[in-house]
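In what follows, a structure is listed as structure tokens, so that the remarks can point back to it.
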Amino acid sequence: MEKPFGKRMFLFLIVVGLVALMFGLMACNGTDGVDTKPVAPERPVPGLPDPTPDEYGVITADAWMDHYPEIYASYKDNLSNAPGSAKHNYLEVYPALATLYAANAFSKGYNQAASHLFSLDSVRATPRISDASLSNCYTCKTPQLTNTVNTKGVETYAIPFAEAANWTEPISCFNCHANDPESITVGNQFWVKAVGADASKVPEAAMSCGQCHNEYYFDPATKATTNPYNGLATMTPEGIIKYYDEIGFKDWVYPVTETPMIKIQHPEFETVYGGPMPMRMARENGYSCADCHMGPVTADNGVEYSSHFWQSPLNNADLIANNCSQSGCHSDLAGQVKGWQDSYAKRVQSLSLDLEKMIKEFSAQVTAGSLSDEQIAQLRTIHRNAQIYWDFVMVENSNGAHNNAYATQYLDSCEKLIKEGNTILGI
């Protein structure tokens, strides 16, 4: 049934107001000196009935093509960010990973991610999938899992991976909008629970992005995707370590040393919005992920909309010139980011080798029987926590640019722990 146009227009005006508010906050100190221009989402083509959901209750991206042609076209531009030889193989970029991830599935294959449109292809192709894998591995890979969980229950997460082969829709409109493109939603209820009342402190668009760009684990009993914190304040390595320690959780056991290890996922949201020192632009100006990664675009026909071609803001010259530079916050954003990322790359690589050396020596001394039980217990804690700090920075997809202060602090903590471990080991 076609949705009443009055309701659609009402929702449209609400979104316009929200976007206007966000752009009005773009300057470091209010809007002084900045000529902001609110950009509305593309208006739907009038007179078209809403598409029909598929068997999983999801209206696919292709079904919205005629309703939002410009947005749909920008969404399809993500096909240019495809898997292949141009992607980094992190096992080659960081040779120490063979040691750091020993006995973990990430040691079998770990490539730079392709775009959201390849989410299903990528998860099905990775060598990390085994006969024991469950459908929870599809978390954030398809909205068809999300809606099945929401309609049939968390038992869906425990379905064998192979039995979910009929899911065909990659990350698309439903993930952020459900079946109403004029609203912003958060479908992953585990994420809603983890953020809790603090959701009101974060832009709605950031909550929508954050539902997938976060650190999570699979509950050992239910196999349900779960976050290791409650609220923004505990979204730090320290808070996450405390959470995992309290429930006795481990992702895998390291060989020889028998250290109970944690594999951090992709904590973009935690890095930008979590803890006592969130990203400055998010803290002071209320920026959302979309403000930088889904910049405003004007089509050839004059239609203005938010691009759904997800990319670095450094690739959006108009965004940098009209907002980042004029705001007074970044006189040279590209140069600033390059400085951060160059420093990050050197230090992450160096610490990976230092951590590898400590782990190898720890393993050798366990094998030789030269450590006391107390020393082994201390070293296991150091090993587990040092790698959590390192992984938290390395796997966060901005290469240190989202929150350079946090990246520096966490690498400092990693380095300090490695030195403590080396002291015990006598190296």
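The values are calculated or read from the model by the stated rules, or taken from the named source; none is laboratory data. Note that the coordinates shown come from a computational prediction; the quantities given were computed from them, not determined experimentally. Positions of Cβ are generated from backbone atoms using ideal geometry, with glycine treated the same way; all protein chains shown enter the neighbour counts.
For this structure, a couple of remarks:
- The sole residue among Thr408, Thr381, Thr367, Thr298 that is of a type outside the set (A, V, I, L, M, F, W, C) and in contact with a Gly (Cβ under 9 Å, 6 or more places away or on another chain) is Thr408.
- Selection count, segment 167-190, where residues are outside any loop (DSSP other than H, G, I, E, B), surrounded by fewer than 23 Cβ atoms within 10 Å (Cβ to Cβ) and in contact (Cβ under 8 Å) with a residue 40 or more places away in the chain: 1
- Qualifying residue in segment 391-403 (condition: of a type in the set (Asp, Glu), in the same structural domain as Lys360 (by TED's automatic domain parsing), within 13 Å of Val348 (Cβ to Cβ) and in contact (Cβ under 8 Å) with a residue 12 or more places away in the chain): yes
- For segment 62-79, the set of residues classified as more than 24 Å from Gly47 (Cα to Cα) and in contact (Cβ under 8 Å) with a residue 60 or more places away in the chain consists of Asp77, Asn78, listed by residue number.
- Scanning segment 173-231 for residues that are touching a His at 6+ places or on another chain (Cβ under 9 Å) and among the polar types (S, T, N, Q) yields Asn175, Ser183, Thr185, Ser208, Asn214.
- Residue satisfying all of: in segment 81-95; in a loop (DSSP other than H, G, I, E, B) and of a type in the set (Ser, Thr, Tyr); surrounded by the most Cβ atoms within 10 Å (Cβ to Cβ) among these: Tyr94
- Single condition Trp64 does not satisfy, out of (1) surrounded by 19 or more Cβ atoms within 10 Å (Cβ to Cβ); (2) touching a strand residue (DSSP E or B) at 6+ places or on another chain (Cβ under 8 Å); (3) of a type outside the set (S, T, N, Q): (2)
- The condition of being surrounded by 22 or more Cβ atoms within 10 Å (Cβ to Cβ), without any contact (Cβ under 8 Å) to a residue 60 or more places away in the chain and not in a helix (DSSP H, G or I) holds for only one of Pro220, Pro228, that being Pro228.
- Among the candidates Tyr138, Tyr157, residue that is crowded, with 17+ Cβ neighbours inside 10 Å, farther than 22 Å from Asn81 by Cβ and not aliphatic (A, V, I, L, M): Tyr157
- Restricting segment 338-366 to residues that are small (Gly, Ala, Ser) and under 20 Å from Asn385 (Cβ atoms) leaves a set whose member that is surrounded by the fewest Cβ atoms within 10 Å (Cβ to Cβ) is Ser350.
- Residue within segment 341-355 that is at pLDDT 90 or above, within 29 Å of Leu91 (Cβ to Cβ), more than 20 Å from the chain's Cα centre (by Cα) and of a type in the set (Phe, Trp, Tyr) present: no
- Verdict on Pro255 being surrounded by 20 or more Cβ atoms within 10 Å (Cβ to Cβ) and either at pLDDT 95 or above or touching a Phe, Trp or Tyr at 6+ places or on another chain (Cβ under 7 Å) (or both): no
- Screening Glu215, Glu204 for residues that are touching a residue at least 12 places away in the same chain (Cβ under 8 Å), in contact with a Ser or Thr (Cβ under 8 Å, 6 or more places away or on another chain) and among the acidic types (Asp, Glu) leaves exactly one candidate, Glu204.
- All positions within segment 191-204 that are hydrophobic (A, V, I, L, M, F, W, C) and surrounded by fewer than 19 Cβ atoms within 10 Å (Cβ to Cβ): Val192, Ala197, Ala199
- Failed item, numbered, when His308 is tested on (1) surrounded by fewer than 21 Cβ atoms within 10 Å (Cβ to Cβ); (2) over 24 Å from Tyr110 (Cα atoms): (1)
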